[in-house]
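Please read the structure below before turning to the comments.
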Amino acid sequence: MAAASWLTSPLSPDDYLGLLDPLWSARHPAGRVTAVLPEGPAAATLVIRPGRGWRGHLAGQYLPVGVEIDGVRHWRTYSITSPPAEAVAITVKAQRGGRVSPHLVHRTGSGTVLRLGPAQGEFVLPQPLPERLLFVTAGSGITPVMGMLRTLAGRPGPVPHTVLLHSAPWPEECLFRAGLALLETQVSWLTVHLTYTRTDGRLTPDRIAELCPDWRRRDAWVCGPSGLLDAAERSWTAQGVRKRLRVERFRLAPLPPRGGDAVSAPVRFARSGVETDAGPAVPLLEVGEAAGVTMPYGCRRGICFGCLAPLAAGRVRDLRTGEVHAEPGELIQTCVNAAAGPLALDL
Amino acid sequence: MPTTVAPLSDPAPAAPDADRTEQLGRELDRLRAEVVAARGADDARYIRTVIAVQRGCEAGGRAALAVSLFPPAWMAGTALLAIAKTLENMELGHNVLHGQWDWLADPAIHSTTWEWDFASPADAWKRTHNHLHHTYTNVVGRDRDLGYTILRMSPHQPWRPYHALQPVYAALLAPVFEWGIALYDLEADAVTQGRKSVRAFLRDASGLARKAVRQAAKDYVLFPLLAGPSALPCLVGALTANTARNIWAHTVIFCGHFPGEVQTFTEERLADETRGEWYVRQIQGSANIEGGPLLHVLTGNLSHQIEHHLYPDLPSNRYARLAPRVREICGRYGLPYVTGPLWRQYASMWGRVLRHALPSHAGLGSRDDGGVERAVDDAPGEVRQV
């Protein structure tokens, strides 16, 4: 490929492959929709056959999907609902007034090509599996958990006992209702409690304790609206079992910088010769744009990788996880990373 | 054909009065907003089609040149490669690097990621072209594209004895235009004037060297080697295609700003320039080429140079539909809309190269091609409109 790139310069051979079939491009990975399965009136599962650039996924991870609507590519993330061994599937609920999700649910058919980002996220099953599992989900928070349940169901050998507490507004809007009922009858290790907000009220920590009395002794995964996540975090922390809890937030909530050292750091844009100061919680993309540097960008939420820039010196902090990472030379996502001390970008 | 129209509202001003100018600005802003709102799937399909056709021509041309000992293969290969390079350079490279397609949000067709099959690296060109040329269009001393630092194209530029030979330089530049642009983008004159550091110059020069090696290696070494017994005709084919593309690019670009009736401006014109005045300067400083759809595509729609200068970041495929409306607006505001068939714009451009090879004084409008060239401080008795 490197030798062929001299012949296709300034393009890469990948650009020609992608033109023949978008699924052959490794630089801009894509997948083709092979089936659209309705999941109730306003949701659908899209089965996607990924192309050459696909690097695989773990159950519970999310997938950035690039959808073309009226010529413009929009990026959104959806949880993967299929086990790693099978074709990639995402289950999308059409948001009222939304642009992308209704398009995917109602106006996307077999054969549609979607751009794919790499599967991401830490909301996954550990190896080895813990002794007992608890999943607490509400609304479309069930989607990453569905991927994990299907993975557990496909495992050879014994599976740890698992409780799923899922809340939906009412039965018609409950994703995977039939599938969950069927799975529960097929396997012995799964207990499912469905609760409906319209009749039962919200899924609160008290109700969780009532439905699953041994919740403190289970490894727990919680996914749903931020009210549920916040309540779960308070409850698990109060009982001293916060370490057993994993939460997945669908919305990007930038973390404050660690410690009290909230001072700005000097940032240098090496190629444009611009120097400025960066606040510890401001994405480098915004820092650069405010300083007048032409910054590459895509979707600005950490999912499409259009904003990658080489780090020349220094380290950055990921605003999603709070982690300080990246070594000089590494490509960093400027839209979700802030300066962790003085640094230079090759821009 | 040109027709002489009545003088402007008062005795021959260079532009409409201030209120009218701002009204014009708002009208042109509305036209822009209309196109921005209408951009959609058809435009996306257009650019992707051009990309597919261009890459198809390139692959086909290379394949044919690989067996170019056979003369018809040489003819076809050279022609396909020349078309591919022209499309790549003009309708794709120039326009993508202007950010015309950034709204697609496709990282593969984006001004920040695109690199083109042209000697000048995209970054260097975006600085001199998008920033300097499009901001300071036809302003003597600010727009370095006004003669590319070697030619004298305006009575406001001081005459030097070396200008006497400028018809020769202009002719010699055409076949090697991409290399001329690449050297020009290094801005060596800015280093001698202290506007650019030696360090920045060396950095740009090494960037150019890297690009140049790959460009030359591909066309003149690697593909000929792969062609085996057809090596020599393959090399000659690539050289011919590049030369044809260069002469064509030179032609289109010189016809966009240098036909006789296009105006040049002094730096005073820039002082406190409003949006409306900026639009007026872009109109007065650009010229269109008339022709069919094929001509427009092969010029990268720079045949609609006036529309391009008003809206450099709107998708190029929209210019043709904007042109009659811009022309109508120009007519209503008494502004010139310089346009004509390629042969006439080309002849007029050469007339200007020849005319300014000889000393002349600013303020003395001189006639050429039956048109009137005015500098801003001229007071011509008539305005020609076409």
Exercise. Is at least one residue of region A:135-155 of a type in the set (Gly, Ala, Ser), on the phi < 0 side of the Ramachandran plot and part of a loop (DSSP other than H, G, I, E, B)?
Worked result: no
Exercise. Does region B:72-98 hold any residues that are over 29 Å from B:Lys126 (Cα atoms), in contact (Cβ under 8 Å) with a residue 60 or more places away in the chain and either within 13 Å of chain A (Cβ to nearest Cβ) or open to solvent by 40 Å² or more (accessible area, probe 1.4 Å) (or both), and which are they?
Worked result: B:Trp74
For this session: Considering every residue within region B:292-315, establish whether at least one is at pLDDT 95 or above, open to solvent by 10 Å² or more (accessible area, probe 1.4 Å) and of a type in the set (Gly, Ala, Ser).
Result: yes
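Considering A:Val282, A:Val274, A:Val263, A:Val336, which residue is under 30 Å from B:Arg199 (Cα atoms) and either open to solvent by less than 40 Å² (accessible area, probe 1.4 Å) or modelled with pLDDT under 90 (or both)?
Working: A:Val282 fails: under 30 Å from B:Arg199 (Cα atoms); A:Val263 fails: under 30 Å from B:Arg199 (Cα atoms); A:Val336 fails: under 30 Å from B:Arg199 (Cα atoms).
The unique qualifying residue is A:Val274.
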Exercise. Do we find a residue being closer than 21 Å to A:Phe250 by Cβ and open to solvent by 40 Å² or more (accessible area, probe 1.4 Å) anywhere in region A:148-157?
Worked result: yes
Seminar exercise, completed: Among strands (runs of 3 or more DSSP E) entirely inside region A:40-117, those with 3 or more residues being surrounded by fewer than 23 Cβ atoms within 10 Å (Cβ to Cβ) and modelled with pLDDT under 95 are A:62-69, A:72-79
Exercise. Just checking, how many residues over region B:158-173 are of a type in the set (S, T, N, Q) and open to solvent by 30 Å² or more (accessible area, probe 1.4 Å)?
Worked result: 0
Problem set entry | Members of region A:1-50 found to be without any contact (Cβ under 8 Å) to a residue 40 or more places away in the chain and away from chain B (no Cβ under 14 Å), listed by number | A:Met1, A:Leu37, A:Pro38, A:Arg49
Exercise. Within region A:120-141, is even one residue open to solvent by 30 Å² or more (accessible area, probe 1.4 Å), of a type in the set (A, V, I, L, M) and more than 24 Å from A:Gly179 (Cβ to Cβ)?
Worked result: no
Seminar exercise, completed: Of those in region B:107-137 that are within 11 Å of chain A (Cβ to nearest Cβ) and of a type in the set (Ser, Thr, Tyr), the residue most open to solvent (accessible area, probe 1.4 Å) is B:Thr113
For this session: Determine, yes or no, whether B:Ala37 is closer than 19 Å to B:His296 by Cβ, of a type in the set (A, V, I, L, M) and open to solvent by 10 Å² or more (accessible area, probe 1.4 Å).
Result: no
Exercise. Among all residue pairs at least 6 apart or on different chains, which show Cβ distances below 7 Å where the first residue, located in region A:168-184, is closer than 19 Å to A:Arg198 by Cβ and the second is in a helix (DSSP H, G or I) and among the basic types (Lys, Arg)?
Worked result: A:Pro169/A:Arg198; A:Trp170/A:Arg198; A:Pro171/A:Arg177
Exercise. Consider B:Gly194 against the criteria (1) part of a helix (DSSP H, G or I); (2) farther than 28 Å from A:Leu7 by Cβ: it satisfies all of them except one. Which criterion is unmet?
Worked result: (1)
For this session: Go through (1) within 14 Å of chain A (Cβ to nearest Cβ); (2) surrounded by 14 or more Cβ atoms within 10 Å (Cβ to Cβ); (3) hydroxyl-bearing (Ser, Thr, Tyr) one by one and return the number of the condition B:Thr21 breaks.
Result: (1)
Exercise. Under the condition of being open to solvent by less than 40 Å² (accessible area, probe 1.4 Å) and closer than 13 Å to B:Pro121 by Cβ, which residue from region B:188-206 is modelled with the highest pLDDT?
Worked result: B:Ala205
Seminar exercise, completed: In region A:270-298, anything away from chain B (no Cβ under 13 Å), in contact with a strand residue (DSSP E or B) (Cβ under 7 Å, 6 or more places away or on another chain) and under 28 Å from B:Ala108 (Cβ atoms) is listed as A:Pro283, A:Leu284, A:Val287, A:Ala291
For this session: Can you tell me which residue among B:Arg62, B:Arg39 is within 12 Å of another protein chain (Cβ to nearest Cβ) and over 25 Å from the mean Cα position of the chain (by Cα)?
Result: B:Arg62
Exercise. Hey, B:Trp101 hits all of (1) within 10 Å of chain A (Cβ to nearest Cβ); (2) surrounded by fewer than 22 Cβ atoms within 10 Å (Cβ to Cβ) but one; which does it fall short on?
Worked result: (2)
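For every residue, the table says whether it meets (1) without any contact (Cβ under 8 Å) to a residue 24 or more places away in the chain; (2) buried (at least 21 other Cβ atoms within 10 Å of the Cβ); (3) not polar (S, T, N, Q).
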| residue | (1), (2), (3) |
| --- | --- |
| B:Pro175 | no, no, yes |
| B:Leu208 | no, no, yes |
| B:Leu222 | yes, no, yes |
| B:Ala238 | no, yes, yes |
| B:Phe254 | no, yes, yes |
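Do you know which residues across region B:291-324 are hydrophobic (A, V, I, L, M, F, W, C) and without any contact (Cβ under 8 Å) to a residue 60 or more places away in the chain? Explain how you work it out, then say what you get.
Step one: list which residues in region B:291-324 are hydrophobic (A, V, I, L, M, F, W, C), which gives B:294-295, B:297-298, B:302, B:306, B:310, B:314, B:320, B:322-323.
B:Leu294, B:Leu295, B:Ile306, B:Ala320, B:Ala323, listed by residue number.
Criterion first (open to solvent by 20 Å² or more (accessible area, probe 1.4 Å), part of a helix (DSSP H, G or I) and at pLDDT 90 or above) does B:Ala44 satisfy it?
Numbers: open to solvent by 20 Å² or more (accessible area, probe 1.4 Å): no; part of a helix (DSSP H, G or I): yes; at pLDDT 90 or above: yes.
It is false that B:Ala44 is open to solvent by 20 Å² or more (accessible area, probe 1.4 Å), part of a helix (DSSP H, G or I) and at pLDDT 90 or above.
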Exercise. Hey, A:Pro328 hits all of (1) at pLDDT 75 or above; (2) surrounded by fewer than 21 Cβ atoms within 10 Å (Cβ to Cβ); (3) away from chain B (no Cβ under 14 Å); (4) in contact with a strand residue (DSSP E or B) (Cβ under 6 Å, 6 or more places away or on another chain) but one; which does it fall short on?
Worked result: (1)
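The values are calculated or read from the model by the stated rules, or taken from the named source; none is laboratory data. It should be emphasised that the depicted structure is a prediction, and the values quoted were computed from it without experimental measurement. Cβ atoms come from the backbone with ideal geometry, glycine included; neighbour counts cover every protein chain shown. In case anyone asks, the SASA skips ligands and DNA or RNA and just uses the protein heavy atoms, side chains included. Shrake-Rupley method; radii C 1.70, N 1.55, O 1.52, S 1.80 Å.
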